[in-house]
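Here, each number is a calculation from the coordinates, and none is a lab measurement. Remember, predicted model here, so these are calculated numbers, not experimental data. Because the Cβ atoms are built from the backbone with ideal geometry, glycine has one as well, and the counts that use them run over all protein chains shown.
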Amino acid sequence: MRYFVHLPTSWLILAGALLLAGCGQPEEPAPEPDAQAAERPAQVPDGVPATGTLRVAADFDASEIRLHFEFDTDQPGWHHQVWRYQDGRWQRYGSGSDGPDQYGLYEDRISMLLDDGLVDGFAQYGGWMTVHEGMRSLDSAVAGEEVAAHPVLGEGMGRSDVRKYLPQTRTDDAVSWDALQDPEELAAMQARGQFLDLWQWRAHRSHPVGYADNGYVLHYRLSSEGRSMYTTNRDDDAEQPAYMFDPDATGQHALRWEALINGDYGQDDLYYLSRDHAVPFDPDHDWQEGDVIPYRLLQTPDGSRGAIRAQGGYSDGAWRITLSRSLESPNSLDSKRLQDQGLYNVAFAVHTGGVGARWHLVSQPLTMGLGRNDGDIQVVRNPAGIADALIWTEVELAQPGQVTWQQVRGGQPNSD
């Protein structure tokens, strides 16, 4: 038997009001950015879903916690960016930053932000406190060359865009992207645990090798310690793939474009490229028009970044995913310790429909209690792993548009 807890949906009225006030109706984009760019109504691309429901359950035993997710979709996305051989050269396809990718080449994702009470404001505002003026994919996005010239974000970290950060990591009243605390203070905040744990399940870049990505949010959206489960499959000098499918192991050098966009590659097929079945790219092979090689090379992660295991897949019209991690923190500088009777603040997000970056569905901040009955999500003590012991919660999701922390804190989002 499945038990469902239905959370209040009144917050959707507020989210919808913010979305409408900040977004308005789609308008013709200006040919070039102008001085009024920040005052224009924020726009949600056509085809991006406005609402959704994520079903969540969780259980734990003496050593680990398991989070179970179900999300309905009739257009699941387990492909990501690819190289396509076209007109005699390799070209990159797939981007969800500006709205749904026209070929569906952007993976579905399920994410969770987790706080143990050390980040002031997260229990009230959730993920909204991590979104700021100047972030990538917003109308107010800072130019890449400005970020690259910043002494910490650019020169120190090698970044060229602004991503999620906590207001406490900035020094000015406007919580500006470039007004970082001193490195010593940031390190002290991290040592005190004043960061958000970020779990990211990715349908292409992590799931095929059995993991979800482990990261955290402090002064930037950062990766946990250790090797990633994916890297870029690119030969920068030759502007072509660095690896291809091992023909001896897979019977192919590449996928085919027509089969890819027609949805012919299922979850049991080798639609992804991993080090287990990849060899160095052969430029002298007789490549054919429409050959396709994944743009990401998967691998087994290690360290704290490889601490979250993933199982499940897409079936019966829904993603059904289970993530598992030790209760103990794999690294106290980038991951939260969880314990029996603990109460934690969480917020969820889902990317679906071939979109990335800011075009996701998000939840309000919720509570998650281990072995107690006063959390929005009740994590059941379940040493035997009995499926019927789970308590499922239906978490309502909404499209946040481009509402930033600066707008929330000011009381009203931008409007025309």
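Summary of values
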item	result
Extension gain from Asn373 to Arg320, taking 0.36 nm per residue of separation minus the Cα-Cα distance	16.6 nm
Lys, Arg +1 and Asp, Glu -1 on Cβ, resulting dipole of region 318-403 about Cα centre, debye, nearest 20	220
Interchain or long-range residues, amide H under 5 Å from Ile308's placed H	Ala212
Helix-derived mean residue ellipticity, 222 nm - over the chain, DSSP H n ≥ 4, -39500 (n - 2.57), to 500	-3000 deg cm²/dmol
Contact order relative to length of region 348-407, as percent, for alpha carbon pairs under 8 angstrom and 6 or more apart	30
For the chain, with +1 on Lys and Arg beta carbons and -1 on Asp and Glu, the positive-most of Ala58, Gly88, Leu198 along the dipole	Ala58
Label-to-label distance, nm, for residues given as Glu328 and Arg409 (7 Å Cα→Cβ offset)	3.9
Phi to ³J(HN,Hα) by Karplus 6.51 cos²θ - 1.76 cosθ + 1.60 over region 326-336, Hz, x for Gly, Pro	4, 5, 5, 5, x, 6, 5, 8, 9, 9, 8
Cα extents of the chain along the three principal axes, largest first (Å)	61, 60, 43
Least to most buried among Ile110, Ile321 (fewest other Cβ within 10 Å first)	Ile321, Ile110
Kirkwood Rh and Cα Rg combined as Rg/Rh, region 247-358	1.06
Amide H contacts of Arg221 (H built 1.01 Å from N, under 5 Å, at least 5 apart or other chain)	Arg163, Lys164
Point-charge dipole on Cβ atoms (K/R +1, D/E -1) for region 99-253, about Cα centre, debye to 20	460
Calculated from backbone phi, Karplus (6.51, -1.76, 1.60) coupling profile of region 59-75 in Hz, x at Gly/Pro	8, 8, 10, 5, 10, 9, 10, 10, 10, 10, 10, 9, 9, 6, 7, 9, 9
Integer Hz, Karplus 6.51/-1.76/1.60 couplings in order for region 345-358, x for Gly and Pro	9, 9, 8, 10, 9, 9, 9, 8, x, x, 10, x, 6, 7
Residues listed by number, region 221-263, amide nitrogen under 19 Å from Gln102 label point at 7 Å toward C-beta	257-263
For region 31-189: rounded, prolate or oblate by the Cα gyration tensor [a/c cutoff 1.5]	oblate
Built amide H within the under 5 Å cut-off of Tyr230, gap 5+	Gln299
Stretch gain in nm, segment Glu155-Ala238, where the contour uses 0.36 nm per residue and the Cα spacing is subtracted	27.3 nm
